[in-house]
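Reading through the structure tokens given below for one structure.
The values are calculated or read from the model by the stated rules, or taken from the named source; none is laboratory data. Here the structure is a predicted model, which is why all the values come from computation and not from measurement. So basically every Cβ, Gly included, is an ideal-geometry build from the backbone, and we count neighbours across all protein chains shown. Just so you know, the surface numbers come from the protein's heavy atoms only, side chains and all, with ligands and any DNA or RNA stripped out. Shrake-Rupley method; radii C 1.70, N 1.55, O 1.52, S 1.80 Å.
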Amino acid sequence: MIEEILEFCGYNTAFDLLNDHLDEDDMALLSQDLINSPEDAVDFVKEEVERIAKDIFEWVDRDALIAQAEDMAYLNFR
């Protein structure tokens, strides 16, 4: 999924996207989080990439919207 977001934003790697849109302090904080919690590294990077994609590139998570619409339709059906 992260590859699709990167492609939408015109990037090949998450590092390039993050490096272009985070300042030095934010990159340092992200690095600190990655080092302190390596088991959560993928989630940290994905969340930051999604945030930048939404805020700057107006990316929308269509899968999440579809799932939400299906949930609402099911609730209305019940």
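Checked against the criteria, N12 counts as part of a loop (DSSP other than H, G, I, E, B) and polar (S, T, N, Q).
Number of residues in region 48-67 that are open to solvent by 100 Å² or more (accessible area, probe 1.4 Å) and not charged (D, E, K, R) equals 0. Tallying residues that are of a type outside the set (S, T, N, Q) and either at positive phi or in contact with a helix residue (DSSP H, G or I) (Cβ under 8 Å, 6 or more places away or on another chain) (or both) within region 17-48 yields 14.
Please work out if I5 is of a type in the set (V, I, T), part of a helix (DSSP H, G or I) and open to solvent by less than 70 Å² (accessible area, probe 1.4 Å). It is true that I5 is of a type in the set (V, I, T), part of a helix (DSSP H, G or I) and open to solvent by less than 70 Å² (accessible area, probe 1.4 Å). Every condition in (1) open to solvent by 60 Å² or more (accessible area, probe 1.4 Å); (2) at pLDDT 95 or above holds for P38 except the one numbered (2). Filtered by the rule that a residue be within 22 Å of R62 (Cβ to Cβ) and of a type in the set (A, V, I, L, M, F, W, C), region 1-49 gives M1, I2, I5, L6, F8, C9, A14, L17, V42, V45, V49.
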